[in-house]
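A quick write-up on the structure given underneath.
The values are calculated or read from the model by the stated rules, or taken from the named source; none is laboratory data. From a predicted model like this one, the values you see are computed outputs, not experimental measurements. Methodologically, a virtual Cβ is constructed for each residue, glycine included, from the backbone with ideal geometry; neighbour enumeration extends over all protein chains shown.
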Amino acid sequence: MGELTLLLAAVRAGEPGAVDRVVAMTYRELHSLAHQRLSRSPSITLLDTTSLVHECYLRLVKLGELQASDRVHFMGYAACTMRSIVVDLLRRKMAERRGGSDRHVTLGTDIGEDGAEAEQILRVDAALRELAKLEKRLADVVELKYFAGLTHGEIAEALGVNERTVRRDWEKARLLLHRELVPDPNDA
């Protein structure tokens with residue numbers, strides 16, 4: 001077993017400081033993952049790459065229930081956590097634009113050029129949640145491939161299936177998400 005796998009076992013056992021050591025060991029990978037996550041939509045949050053890694057770390061420590069068993073599982077979990085952080089920030093930002101809890105009057109209705117992009121990210125998140133209700137493994141494949149950047153082989157290993165199954169699941173998930181996210185012109 002590798003050092004990270006042993007550290008992840010220590011985290012699951014509740015060993016103090018184990019999460020810190022896991023994050024320190026994987027910091028460069030987490031930084032790269034955060035960079036990929038934010039580079040897709042750079043203007044939607046005030047987070048920079050380092051801030052997203054640190055927010056991810058804080059959630060890992062706060063939850064204290066990291067169940068990852070190896071590097072692939074951990075990176076998939078981190079990618080999911082980072083997506084969740086970005087989505088939560090966007091929800092707050094969109095709520096503030098719609099008035100939030102404050103009562104105020106504005107003279108303009110423009111929500112900024114990143115409003116459509118933020119709405120799209122929230123729609124993707126909602127579609128992924130619906131997909132997870134329908135078939136969790138399909139949503140897991142999307143998370144691991146798109147958000148964590150894992151290969152089909154790594155995803156197969158993480159999910160305990162073969163690569164062919166992952167490829168089929170990826171195509172099925174893409175089709176279902178496309179149906180959910182792209183309106184059919186015949187339905188108008």
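A few remarks follow.
- Thr26 being surrounded by 14 or more Cβ atoms within 10 Å (Cβ to Cβ), closer than 17 Å to Ala78 by Cβ, modelled with pLDDT under 90 and not small (Gly, Ala, Ser): no
- Residues located in region 145-167, provided they are acidic (Asp, Glu) and out of contact with any His (no Cβ under 9 Å at 6 or more places or on another chain): Glu154, Glu157
- Residue that is surrounded by the fewest Cβ atoms within 10 Å (Cβ to Cβ), among those in region 1-19 that are in contact (Cβ under 8 Å) with a residue 12 or more places away in the chain and within 25 Å of Thr50 (Cα to Cα): Glu3
- Checked against (1) at pLDDT 85 or above; (2) on the phi > 0 side of the Ramachandran plot, Gly112 passes all but a single condition, namely (1).
- Within region 30-66, tally of residues that are of a type in the set (Val, Ile, Thr) and modelled with pLDDT of 80 or more: 3
- Enumeration of residues in region 136-163 that are in contact (Cβ under 8 Å) with a residue 40 or more places away in the chain and either in contact with a Cys (Cβ under 8 Å, 6 or more places away or on another chain) or not in a helix (DSSP H, G or I) (or both): Glu143, Phe147, Ala148, Gly149, Leu150
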